[in-house]
Amino acid sequence: MKYAKYINGLMCVGLAGCGVSYPSRPIDSAYLNGANGLEYAEAGLALSDIEEQTISVTVARFLRDSEGNDTVVVISDEVATLPVGFTAYEARDMVITLDGETLTFVDGQATLESGQTVWGYLNYALAHSATGGLYTYGKYASPSEGEAIDTEGFFAIGFQTNPDDILVLSGDATYRGSYFGYGQLLDADGGLLNDELETNGAITIEVDFKSASASGQLNGFFDPKDERDQYSMIFVNAAINGNGFAAAPDMICEAGADCKSATSLGAVFYGDAGAELSGVIGFDETIVLTDTDTTTHFIGAAGFSSTREVTAVEVPAD
C-alpha cells in the first residue's frame with residue numbers, strides 16, 4: 001500500500017506490549033448528544049417512523065479548505081428531515097442544515113451556495129437506530145463561486161431511550177457493532193498524503209449500569225480495500241450522562257512510534273431499555289515514527305452502530 005509506511009505506526013494486534021496511559025484525556029462535551037426532538041423509544045415504534053419528522057442531529061466531520069493547509073474535526077448541532085424510505089436505503093433525498101445552509105437533496109445530491117455538490121447517504125441501520133453521512137470533495141467540485149472544500153460527516157438517528165429508563169437498568173451489558181468513515185492523512189506541515197482514506201472496523205462497548213460508565217475498544221483498519229493496516233483504540237470509564245456519553249479514545253501505539261490522541265466519540269442509547277448504542281467519532285491522531293522522525297496526522301470522522309447482547313443486562317421488576 002502506498003501509504004503503509006506512514007500509518008503502520010498505528011498497528012497493534014493486541015494490548016500486550018502496547019503502551020497507553022490512563023486516566024484518559026478530558027472529554028469533549030460537544031459530543032454529548034441532547035434530545036433529538038422525537039418521542040422516546042417505546043414498543044411498536046419502528047426506525048422508519050422517524051421519516052418525514054424534523055430531527056436534531058449532531059454531525060461529526062472533517063473539514064479542509066482547498067486554499068489552506070489545514071484539516072480539522074468539526075462537531076455541530078444540525079437539523080434534518082429524512083424522506084420516506086431513507087432508513088431502508090431506498091431514498092436519499094434528505095434535508096439537513098450545515099454551516100448555516102439548508103441542503104435539500106435531490107437524487108441523493110444537494111448544492112452548496114458555492115456551487116459545490118454534496119452527496120448524502122444512509123450508513124449503518126439497525127432495528128432502532130442508524131447513522132447517516134454526507135460528503136463533498138474539491139476534486140469533484142463543479143466550477144463554483146467560492147473555494148472548494150473537502151468534508152465527510154456522520155450523524156446518528158433513531159428513537160432515543162428515555163433517560164429515566166437508563167436509570168433503572170443494572171448489571172453489565174456488552175454492545176458489539178461496526179463503524180465506517182473517512183479521513184485525510186497529513187504530513188507534519190499539514191500537507192496531504194491521502195485526501196480520502198477509508199477507515200472501518202469493529203467496536204465493542206462494555207456498559208456498567210450500576211456505576212453509570214462505559215468502556216470500549218475499536219479494532220479498525222485503514223484503507224481496507226488495500227493492505228488493511230490495523231489499529232486499536234480504547235477508552236475507559238466514560239460517564240453516562242442521561243441516555244448517552246462522550247468518550248476520549250486513545251490509540252494503542254506499537255513500539256517504535258509515539259502516538260498523540262485527540263479523538264472523541266459520542267454515543268446515545270436507542271430503543272427500549274437501551275437496546276442499541278449508536279453515535280459518531282471524530283478522529284484526530286498524530287503519529288511519530290521514532291526511528292525516522294516521520295510525523296503523520298490522521299483527521300477523520302465515522303458513524304457507528306452497535307447492539308446489546310440480550311442476556312447481559314438486568315431490568316428490575318417494578
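The values are calculated or read from the model by the stated rules, or taken from the named source; none is laboratory data. What you are looking at is a predicted structure, and each value in this text was computed from that prediction instead of being measured. For neighbour counting, all protein chains shown are included, and Cβ atoms are generated from backbone atoms with ideal geometry for every residue, glycine included.
In the stretch 124-131, is there at least one residue being within 20 Å of the chain's Cα centre (by Cα), surrounded by fewer than 16 Cβ atoms within 10 Å (Cβ to Cβ) and over 15 Å from ALA267 (Cβ atoms)? Yes - at least one qualifying residue is present in the stretch 124-131. Among the residues that make up the stretch 133-142, is at least one of them part of a strand (DSSP E or B), surrounded by fewer than 16 Cβ atoms within 10 Å (Cβ to Cβ) and of a type in the set (A, V, I, L, M, F, W, C)? No.
Does GLY220 satisfy the criteria of being over 21 Å from ASP77 (Cα atoms), of a type outside the set (Lys, Arg) and surrounded by 24 or more Cβ atoms within 10 Å (Cβ to Cβ)? Yes. I need the full set of residues from the stretch 1-33 which are of a type outside the set (S, T, N, Q), surrounded by fewer than 14 Cβ atoms within 10 Å (Cβ to Cβ) and at pLDDT 85 or above, in order please. Selection gives PRO26 alone. For the criterion of being out of contact with any strand residue (DSSP E or B) (no Cβ under 8 Å at 6 or more places or on another chain) and either closer than 16 Å to VAL280 by Cα or assigned to a loop (DSSP other than H, G, I, E, B) (or both), SER178 fails.
Residues of the stretch 58-113 that are of a type in the set (Gly, Ala, Ser), over 24 Å from THR199 (Cα atoms) and not in a loop (DSSP other than H, G, I, E, B): ALA80, ALA110. Report yes if some residue within the stretch 81-88 is at pLDDT 95 or above and closer than 20 Å to PHE283 by Cα; otherwise report no. No - not one qualifying residue is present in the stretch 81-88.
Consider GLU147 carefully, then state whether it is in contact with an Asp or Glu (Cβ under 6 Å, 6 or more places away or on another chain), exposed (fewer than 14 other Cβ atoms within 10 Å of the Cβ) and either outside any strand (DSSP E or B) or in contact (Cβ under 8 Å) with a residue 60 or more places away in the chain (or both). Answer is yes for this residue. The requirement of being out of contact with any Phe, Trp or Tyr (no Cβ under 8 Å at 6 or more places or on another chain), assigned to a strand (DSSP E or B), of a type in the set (Asp, Glu) and under 24 Å from LEU186 (Cβ atoms) is satisfied by ASP258. Here ASP272 fulfils each of the conditions (1) within 30 Å of VAL168 (Cβ to Cβ); (2) assigned to a strand (DSSP E or B) apart from (2).
Checked against the criterion of being free of Cβ contacts under 8 Å to residues at least 40 places away in the same chain, farther than 30 Å from ASP165 by Cα and either in a helix (DSSP H, G or I) or among the charged types (D, E, K, R) (or both), the stretch 114-129 has no qualifying residue.
Each row is one residue, and each column tells you yes or no for (1) closer than 30 Å to ASP49 by Cα; (2) crowded, with 20+ Cβ neighbours inside 10 Å; (3) without any contact (Cβ under 8 Å) to a residue 12 or more places away in the chain.
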| position | (1), (2), (3) |
| --- | --- |
| ALA238 | no, yes, no |
| ALA246 | yes, yes, no |
| ILE252 | no, yes, no |
| ALA255 | no, no, no |
| LYS260 | no, no, no |
| GLY274 | yes, yes, no |
| SER278 | yes, yes, no |
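Condition test on TYR89, is it surrounded by 14 or more Cβ atoms within 10 Å (Cβ to Cβ) and aromatic (Phe, Trp, Tyr)? For TYR89, the condition - surrounded by 14 or more Cβ atoms within 10 Å (Cβ to Cβ) and aromatic (Phe, Trp, Tyr) - is not met.
Look at THR286 and say whether it is assigned to a strand (DSSP E or B), surrounded by 21 or more Cβ atoms within 10 Å (Cβ to Cβ), hydroxyl-bearing (Ser, Thr, Tyr) and modelled with pLDDT of 90 or more. Criteria not met by THR286. Within the stretch 150-175, the set of residues being outside any strand (DSSP E or B) and touching a Gly at 6+ places or on another chain (Cβ under 9 Å) comprises PHE159, THR161, PRO163, ASP165, ILE166, LEU169.
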